[in-house]
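Below is one structure; the comments refer to it alone.
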Amino acid sequence: AVLDRTCAKVSFELGSFYDSRPQQNSDKTAIILKNFARALLNSRSYDHIIYPRFLTIWLNGPQSSGIGDKKITDLISRFVSVASTAQAVNHLSQLISRVGHPKSNDAALIEQLLLKIFLDYSDLTLWKMGSVAHSINEIRRARISIIFDKVGPTLKSFEIKTFLEFCRLLISICDMTVSTDVFTLNLSKEVRVCKRIMSSDMLIAAPNSI
């Protein structure tokens, strides 16, 4: 596709203007999303500026509160169908965090976008989704399983079931209760101590002399 940077800049400014206005309604939300989508599709310069905001407005907007604005749903559907996975992958965590969205139409669009990302970035997406597949939330767990089922036949270098079992073992290790007579190292605490020592004039013994 031919990118139009002028169009992207104008759309970014217009969308930002409406986004800064108070008392948003369904029509204003559609204008914001339309302009942000146009900016994202015509330039990579605004990825980290407006992509997270674009997703937040979409998934927290009026159509997610039961209003059911078909205009917004159609707009997002068109965006998802042509969205670049190279852009979307940078916001993979935000998308996965909303996989349990209560609105079925939004959940379907999230699934569609995640499927596109998975096919192009299977390594990263598999790692990100692995823990969610073991979520205590039944809806999130079920929807991730559906995505895995759909991409399974296309993956040649992964055994999804084996990987998910590996994730389950990692989670069980993290949740393990350690006996009080076993020495453990609290990294969050010890790293702070090390930083203070490193910034002082104290001498630290070399590891091989300890």
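Computed from the coordinates by the stated procedures, all read-outs in this text should not be read as laboratory data. Treat the numbers as computed from the prediction; the structure is a model and nothing was measured. Here Cβ is always computed from backbone atoms with ideal geometry, including for glycine, and neighbour counts include all displayed protein chains.
Solvent-free Debye calculation, one equal scatterer per alpha-carbon of the stretch 70-118: log10 I(q)/I(0) at 0.29 Å⁻¹ equals -1.20. Extension gain for D74-D120 works out to 14.1 nm (0.36 nm per residue, less the C-alpha to C-alpha distance). Counting 0.36 nm for each residue step from R53 to W127 and taking away their Cα separation leaves a gain of 24.2 nm. Listed values for the stretch 40-47 are Karplus-derived 3J(HN,Hα) couplings in whole Hz (6.51 cos²θ - 1.76 cosθ + 1.60, θ = phi - 60°), namely 5, 6, 10, 6, 8, 5, 10, 3, and x replaces Gly and Pro.
Modelled this way, with points 7 Å down the Cα-to-C-beta line, the labels at R44 and A86 are 0.4 nm from one another.
Under the rule a/c < 1.5 gives rounded, and otherwise a/b versus b/c splits prolate from oblate, where does the stretch 42-147 land using the Cα gyration tensor? Here the stretch 42-147 falls in the oblate category. Would you mind checking the pairs K71/K161; K9/K150; K9/K70 and listing those with alpha carbons more than 31 angstrom apart? Beyond 31 Å between Cα atoms: K71/K161; K9/K150.
Fully extending the segment from K150 to E165, taken as 0.36 nm per residue of separation minus the present Cα-Cα distance, adds 3.6 nm. Anisotropy class assigned to the stretch 98-155 is oblate, per the alpha carbon gyration tensor with a/c at or over the 1.5 cut-off and a/b no larger than b/c.
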